[in-house]
Amino acid sequence: MFAFLLLALAVSGLGVWTSRRWQMFGQALTMVGGLSLIIIVAVQVRQNLFPPQEESPGRCELAVGSCLGDFVGGDLDGQRGTVILLFPSQMSAHLEQSYEQGFVLSLRHGHGALHLKALHLEVEKGQTGGDLAAFKKALAQVPDALAYVSYAGAPPGFDTLFSADQPNIAPFYVFDAQGTTNWLAPLKNGRVRAVVLPRPGVAPRARAAATGMPEAILDQFYLVATQPTADQVAAQLGTAP
């Protein structure tokens, strides 16, 4: 903006000097320079008085992130280390920030020793979650994490990550936007600690218009599966219209 201001002043000055010899041409330059100065001042005033508003975090994403953060914080209370947040590479920055903000808010008291690290899973265009190979690649990057939180769902074959011939890995917490049951077996045996899923039959536009506190939004629009409720939630998904 400063460079444009100098240019406008230079054009105005050139117009004043030129008008001594070529009056019409000089006046035209002076007018152009003056109009440019007016436009620059107007833009600056508008930016100062009406700065662009940052997009508010998504209410549903905050609720999901807060729920998973509550589980992680409760399970890792008093421990020190890294928690990995797994996001699909196709997810928008706004959605990712909304999930992460909700997660952080739930950890703000008494969990200062937990450090968050975001990893992005490569996914194919049009997909919302990574495949099994992408998960394995991400886990290999931080094998000593205290927990993994997947916002990329649970891919087919997810239970093989926890099979007897695989190295022991930290517990998983999952948001499965697709509403699959790929997480069912590892949830029942305790390797996955909690899963959040969209409540069947709820229109996406209803979630987009959600208002209120995270707890109320979660109850209205989502299901939460834990080890004791695994089969019950899976049955609700199986009978969804």
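The values are calculated or read from the model by the stated rules, or taken from the named source; none is laboratory data. Since the model is a prediction, treat every value here as computed from it, not as a measurement. Positions of Cβ are generated from backbone atoms using ideal geometry, with glycine treated the same way; all protein chains shown enter the neighbour counts.
Screening GLN90, GLN101 for residues that are at pLDDT 90 or above and closer than 19 Å to GLY58 by Cα leaves exactly one candidate, GLN101. Looking at the stretch 158-228, the strands (runs of 3 or more DSSP E) lying wholly inside it that each contain 2 or more residues that are within 25 Å of ARG80 (Cα to Cα) sit at 172-175, 192-198.
Remark: pairs (first residue in the stretch 65-81, assigned by TED's automatic domain parsing to the domain that holds TYR151 and closer than 13 Å to GLU100 by Cα; second residue of a type in the set (Asp, Glu) and surrounded by 20 or more Cβ atoms within 10 Å (Cβ to Cβ); Cβ separation under 8 Å; 6+ apart in sequence or on different chains) = GLY65/GLU100.
For every residue, the table says whether it meets (1) of a type in the set (D, E, K, R); (2) crowded, with 20+ Cβ neighbours inside 10 Å.
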position: ASP159; (1), (2): yes, no
position: PHE162; (1), (2): no, no
position: ASN168; (1), (2): no, no
position: ALA177; (1), (2): no, no
position: THR180; (1), (2): no, no
position: ALA185; (1), (2): no, no
position: VAL196; (1), (2): no, yes
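Across the stretch 125-144, the qualifying residues are those that are closer than 21 Å to VAL64 by Cα and not in a helix (DSSP H, G or I), and the one among them that is modelled with the lowest pLDDT is THR128.
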